[in-house]
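> Before I ask anything, here is the structure I am working with.
Where a number appears in this text, it was derived from the coordinates with a stated rule and is not lab data. Bear in mind that the values here come from a model prediction, so they are computed numbers and not experimental data. Here the Cβ is made from the backbone with ideal geometry for all residues, glycine too, and neighbour counts use every protein chain on show.
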């Protein structure tokens, strides 16, 4: 009975000299390249006592185990990313053995070559935009004629009329804050996308996921050609300068393996 399986990190063209890690996601085994014709899978062995189907289902419920293995998976890909075009595989893409990996490479060979060609000279960058609700609520009158008008009118009121006007103003501020946030998110995504070969507007993450007090309003992914990266970064800097005083903050990350721009790469034998 087999006690080991084959874990696949990604697919590249056949390239010698890639900086492959001495330890894989199962630290007992090194990372190596498994070739098929002119492509290769970046793989390592894993023990079924840890990565077999039943044990894996239990292990992924252990947040510390999961975080450590995800970091290991990502670091192995990030080490080779500067040296080649890479199709990343999803976390825990596992095959029964090398032969099954080679069968997968044979079945998908042409698709992988086409995808590698599409990804040549391009890398994924992420941009998350957040808004500080307290700051935007204070500053929205600077850019909203509706709020500005209500503020001026309220200044002329007193007593009960001022109280009612304040309620109207608060409602207008809430509506205009949402509108401005949506407009900033859309405009930012459109401008950044104009410098990308492909782009994607991912689902927003809540505060419990981000660990930040601000609200996320954009979770964008952008496939950027190396020669267009400077223009992309300049556009991002311009957006930051334009919106920082209103309470918006921009967080860029990357380059990343292009997970968002590879359709259903493979699920393994699991």
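> Between 193, 27, 99, where does the largest GNM mean-square fluctuation fall for the chain, given springs only between Cα atoms within less than 10 Å?
The residue with the greatest mean-square fluctuation here is 99.
> Right, something else. What value in Å³ per residue do you get for the convex hull of the alpha-carbon atoms in region 99-144?
Working: hull volume 7.6 nm³, N = 46.
In region 99-144, the Cα hull volume divided by residue count equals 165 Å³.
> Region 1-40 to region 204-270: how many Å between their Cα centroids?
29 Å
> Can I ask one more? Quick one: order 195, 83 by neighbouring beta-carbon count within 10 Å, fewest to most.
On the way: 195 20, 83 12.
Sorted ascending by nearby Cβ count, the order is 83, 195.
> How much length would be gained if the chain were fully extended between residue 103 and residue 27, taking 0.36 nm per residue of separation minus their Cα-Cα distance, in nm to one decimal?
Numbers: separation 76, 0.36 × 76 = 27.36 nm, distance 2.58 nm.
Value of the extension gain: 24.8 nm.
> For region 1-97, what does the relative contact order come out to in percent, with C-alpha contacts under 8 Å and a separation of six or more? List each step's numbers first, then the result.
Numbers: 152 pairs, mean separation 41.7, N = 97.
Relative contact order of region 1-97: 43 percent.
> Using Cα atoms only, what is the angle between the long axis of helix 63-80 and the major principal axis of the chain, expressed in degrees (0 to 90) to the nearest 10?
80 degrees
> Taking just the alpha-carbon atoms of the chain, what radius of gyration and Dmax come out, in angstrom?
24.6, 85
> Relative contact order for the chain: what is it in percent, counting Cα pairs under 8 Å that are at least 6 residues apart?
Working: 419 pairs, mean separation 66.2, N = 270.
This gives 25 percent for the chain.
> Then there's this: In deg cm²/dmol and to the nearest 500, what is the mean residue ellipticity at 222 nm of the chain if only DSSP H runs of at least 4 residues count, each as -39500 (n - 2.57), divided by the residue total?
Taken over the chain, the calculation gives -14500 deg cm²/dmol.
> Assuming R0 = 35 Å, can you tell me the calculated FRET efficiency for the pair residue 37 and residue 70, based on Cβ-Cβ distance, to the nearest 0.05? Kindly include the intermediate steps, with their values, before the conclusion.
On the way: r = 31 Å, r/R0 = 0.88.
The pair residue 37/residue 70 has a calculated efficiency of 0.70.
> Now, a different point. Say each of residue 198 and residue 60 gets a label point 7 Å from the Cα, pointing the same way as Cα to Cβ; how far apart are those two points in nm?
Simple spin-label model gives 2.3 nm for this pair.
> Can you pull the one-decimal nm distance between simple spin-label points at residue 178 and residue 231, each 7 Å off the Cα toward Cβ?
3.7 nm
> A further question on this structure: Among 6, 266, 84, what is the fewest-to-most ranking by other Cβ atoms within 10 Å? Intermediate values should be presented prior to the final figure.
Working: 6 23, 266 20, 84 17.
Exposure proxy ranking, most exposed first: 84, 266, 6.
> Within a 10 angstrom radius of the beta carbon, how do 243, 32 rank from fewest other beta carbons to most? Mind dumping the intermediate values first?
On the way: 243 19, 32 15.
Starting with the residue having the fewest Cβ neighbours, the order is 32, 243.
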